[in-house]
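A short worksheet on the structure shown next.
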Amino acid sequence: MEWQLNTNAPIYSQLIYNLKLAIVAGQYSPGDRMPSVRDMAMEAGVNPNTMQRALQELERDGLVFSQRTSGRFVTEEKSMIEDAKRSLAEEQIRSFLGSMSRLGYGKKEIIALLESGTEEAMTTNANI
Amino acid sequence: MPIFECRNLTKSYGSAPALSNVNLAVESGRIVGLLGPNGSGKTTMIKLANGLLTPTAGEVLIDGMAPGIETKKIVSYLPERTYIPLWMNAEQLMDFFGDFYADFRRERAEEMIAHLGIDPKQRVKEMSKGTREKVQLILVMSRAAKLYMLDEPIGGVDPATRDYIISTIIGNYDQQASVIISTHLIADVESVLDDVIFINRGEIILQSTVDEVREKNGKSVDALFREVFKC
């Protein structure tokens with residue numbers, strides 16, 4: 001998978017974000033076996049201990065589960081994945097609203113802008 | 001028990017102190033960056049740990065032992081300068097390491113040499129600088145050691161080779177072992193480190209995890225280093 005890591009934020013939280021994104025986007029499907037910690041650490045160019053901690057956090061969240069002998073798997077409960085998707089979307093919205101309010105927009109203006117801008121934005125996105 | 005420990009460690013060359021009263025402990029299973037500008041004491045500390053220098057005061061302990069035959073069995077050391085005989089080829093070097101170290105895993109070394117397309121019959125003398133550094137690192141990382149001490153492992157090589165060296169380090173150390181990497185090329189290594197130690201003029205000025213540094217300062221270890229050591 002593609003790992004997008006910046007150099008200023010903690011690596012651990014960025015790994016969690018990247019992994020959640022990969023699961024939500026279906027790069028790893030429900031029930032898929034995840035690669036080993038070492039392989040993923042090498043691919044991302046990060047410390048294996050940090051990768052291990054990030055995966056343990058996803059395990060606590062229920063997005064992945066371990067089977068003692070055969071490795072780590074993506075959850076088969078689709079609702080868990082939907083929840084994760086929803087919370088990632090909420091994060092995006094929070095950060096978007098934050099930026100917009102710094103620009104001086106109120107809620108109604110933002111909605112109006114969104115409605116007029118959505119069509120164009122959607123077409124641009126579809127072309128990518 | 002820490003795998004590597006310095007207790008009130010001091011080393012002076014003549015009257016100039018290279019390390020002054022250093023206290024430090026590194027636990028097992030960590031990849032640690034020993035970071036400092038030129039002349040800050042990094043190499044001195046690593047040489048003390050390998051018994052190549054003796055402390056002026058204090059002590060250095062490897063797995064609880066003073067450096068000696070027993071510690072050399074568990075420490076795999078990559079010195080700053082080439083020490084391998086230039087007339088040997090990779091195959092002879094593997095024989096050499098196999099004779100010296102009981103924990104040398106030859107298959108591992110052979111596999112990496114082949115993967116990099118290095119001719120096992122080519123003499124070190126005829127290799128490029130980058131290839132020499134790769135061969136030395138392969139030899140050192142092919143030991144099943146408890147502690148790897150790598151003194152400037154990425155100093156003289158191009159960025160692609162750096163990436164290979166770094167992934168070799170991640171790929172080969174077992175998670176019970178520790179790796180101490182001295183370097184001033186922080187940006188290249190910081191994402192593979194658990195902990196960083198900043199050393200300046202022979203004193204430890206910071207010991208922290210990489211993520212703690214980023215969380216507290218909102219910047220990379222590299223950026224913090226540039227700030228702390230601004231000339």
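The values are calculated or read from the model by the stated rules, or taken from the named source; none is laboratory data. All values derive from a computational prediction rather than experimental measurement. Here Cβ is always computed from backbone atoms with ideal geometry, including for glycine, and neighbour counts include all displayed protein chains.
Going by what's in this entry, would residue B:145 be described as within 14 Å of chain A (Cβ to nearest Cβ), crowded, with 18+ Cβ neighbours inside 10 Å, touching a Ser or Thr at 6+ places or on another chain (Cβ under 8 Å) and modelled with pLDDT of 90 or more?
When the stated conditions are applied, residue B:145 does not pass them.
Looking only at strands (runs of 3 or more DSSP E) that lie completely in segment B:1-58, which have at least 1 residues being more than 20 Å from residue B:184 (Cα to Cα) and more than 14 Å from chain A (Cβ to nearest Cβ)?
B:4-13, B:16-26
Residue-by-condition table, conditions (1) touching a Leu at 6+ places or on another chain (Cβ under 9 Å); (2) acidic (Asp, Glu); (3) closer than 27 Å to residue A:36 by Cβ:
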site: B:157; (1), (2), (3): no, no, no
site: B:165; (1), (2), (3): yes, no, yes
site: B:168; (1), (2), (3): yes, no, yes
site: B:178; (1), (2), (3): yes, no, yes
site: B:191; (1), (2), (3): yes, no, yes
site: B:197; (1), (2), (3): yes, no, no
site: B:203; (1), (2), (3): yes, yes, no
site: B:209; (1), (2), (3): yes, no, yes
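Among (1) β-branched (Val, Ile, Thr); (2) in a loop (DSSP other than H, G, I, E, B); (3) away from chain A (no Cβ under 14 Å), there is one condition residue B:138 misses while meeting the rest; what is its number?
For residue B:138, the failing item is (2).
What are the residues in segment A:29-38 that are in a loop (DSSP other than H, G, I, E, B) and either surrounded by 20 or more Cβ atoms within 10 Å (Cβ to Cβ) or away from every other protein chain (no Cβ under 14 Å) (or both), if any? Steps first, please.
Residues of segment A:29-38 in a loop (DSSP other than H, G, I, E, B): A:29-32, A:34-36.
Those that are in a loop (DSSP other than H, G, I, E, B) and either surrounded by 20 or more Cβ atoms within 10 Å (Cβ to Cβ) or away from every other protein chain (no Cβ under 14 Å) (or both): A:29, A:30, A:31, A:32, A:34.
For the structure I just gave you, tell me whether residue B:157 is assigned to a helix (DSSP H, G or I), away from chain A (no Cβ under 14 Å), in contact with a helix residue (DSSP H, G or I) (Cβ under 9 Å, 6 or more places away or on another chain) and more than 17 Å from residue B:4 (Cβ to Cβ).
No; evaluated as a whole, the condition is false for this residue.
What number goes with the only condition from (1) in contact with a strand residue (DSSP E or B) (Cβ under 7 Å, 6 or more places away or on another chain); (2) part of a helix (DSSP H, G or I); (3) surrounded by fewer than 21 Cβ atoms within 10 Å (Cβ to Cβ) that residue B:121 does not pass?
Here residue B:121 meets the rest and fails (2).
Within segment A:72-85, how many residues turn out to be surrounded by fewer than 14 Cβ atoms within 10 Å (Cβ to Cβ) and among the small types (Gly, Ala, Ser)?
Looking only at that region, the number is 1.
May I ask you to list the residues in segment B:22-50 that are modelled with pLDDT of 95 or more, surrounded by fewer than 22 Cβ atoms within 10 Å (Cβ to Cβ) and either among the small types (Gly, Ala, Ser) or over 28 Å from residue B:166 (Cα atoms) (or both)?
The one that is modelled with pLDDT of 95 or more, surrounded by fewer than 22 Cβ atoms within 10 Å (Cβ to Cβ) and either among the small types (Gly, Ala, Ser) or over 28 Å from residue B:166 (Cα atoms) (or both): B:25.
Give the residue that is farthest from the other protein chains (Cβ to nearest Cβ), with candidates limited to residues of segment A:39-76 that are free of Cβ contacts under 8 Å to residues at least 24 places away in the same chain and under 15 Å from the mean Cα position of the chain (by Cα).
A:62
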